[in-house]
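The values are calculated or read from the model by the stated rules, or taken from the named source; none is laboratory data. Being a predicted model, the structure only gives us computed values, none of them experimental. Quick note on the areas: whole protein, heavy atoms, side chains included, nothing else; ligands and nucleic acids left out. Shrake-Rupley method; radii C 1.70, N 1.55, O 1.52, S 1.80 Å.
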Amino acid sequence: MNNHPKVDFTVSKWNAVLNLLSLFCIICSFIYVFTIYKELPDQIPIHFNAAGDPDNWGSKATIILMPLIALILYVPLYFLSKHPHIFNYPFKVTEGNASRIYPVAQLFMTVINFEMAVIFTYLSFTMAENQLGEGFIPLVIVAPFLTIGIFFAVLYRKHRQPDQPDD
């Protein structure tokens with residue numbers, strides 16, 4: 001277990017906005033799935049190739065898994081984001097830099113959570129339409145890695161700033 005200090009820090013307003021948008025996506029996904037469920041054929045696509053075309057089929061009940069997985073991912077990531085002092089960092093977190101690092105780390109977890117909610121919401125809609133779309137696979141790969149890269153750079157820059165003297 002790490003020994004990162006627990007310090008007060010300013011929470012970005014973007015955390016609340018992104019958390020609400022994530023919940024909105026998940027709720028819309030559930031509503032959509034339950035609204036169209038009766039009209040779905042007995043077999044729906046459950047896997048897509050790199051071109052976005054369905055290449056495996058399964059029961060229409062499988063579509064319920066998409067918003068369910070989104071919710072199952074959202075809840076623990078939401079609560080984890082509230083405790084950035086328990087995250088693993090690739091550098092030393094001190095009393096002096098924690099108040100700069102924790103808001104960025106918290107926002108990072110919130111952005112990742114939002115990306116997952118959007119991805120699974122999109123999957124809920126596209127499974128019903130039998131077409132994933134050509135840009136989906138690159139987006140699912142690029143977006144999280146880009147997010148990780150950007151936040152890692154910001155965290156490292158915040159870590160490198162000189163510590164502020166105590167008042």
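Here the accessible area of the chain is 67 percent carbon and sulfur, with a 1.4 angstrom probe and all protein chains present. One Cα centroid belongs to region 108-167, the other to region 8-30; the line between them spans 14 Å. Measuring how big region 1-150 is from its alpha-carbon positions, Rg and Dmax come out at 18.3, 59 Å. Cross-link partners for residue 13 among the lysines, with Cα-Cα distance under 16 Å and sequence neighbours closer than 8 places in the same chain left out: 82. The figure for residue 85 is an accessible area of roughly 30 square angstrom, using a 1.4 Å probe on the protein chains alone. Straight Cα distances below 17 angstrom link residue 60 to the lysines 38, with same-chain residues fewer than 8 positions distant left out. When only Cα pairs below 8 angstrom with a gap of at least 6 residues are kept, region 1-132 shows a relative contact order of 42 percent.
Per-residue accessible area (protein heavy atoms, 1.4 Å probe) orders 27, 101, 69 as 27, 69, 101, starting from the largest.
For the chain, the membrane-span-like helix rule (DSSP H, alpha carbon extent of at least 27 Å along the helix axis, mean Kyte-Doolittle at least -1.0) picks out 13-36, 95-129, 136-160; this says nothing about an actual membrane.
Taking every protein chain into account, the 1.4 Å probe leaves residue 111 with about 30 Å² of accessible area, to the nearest ten.
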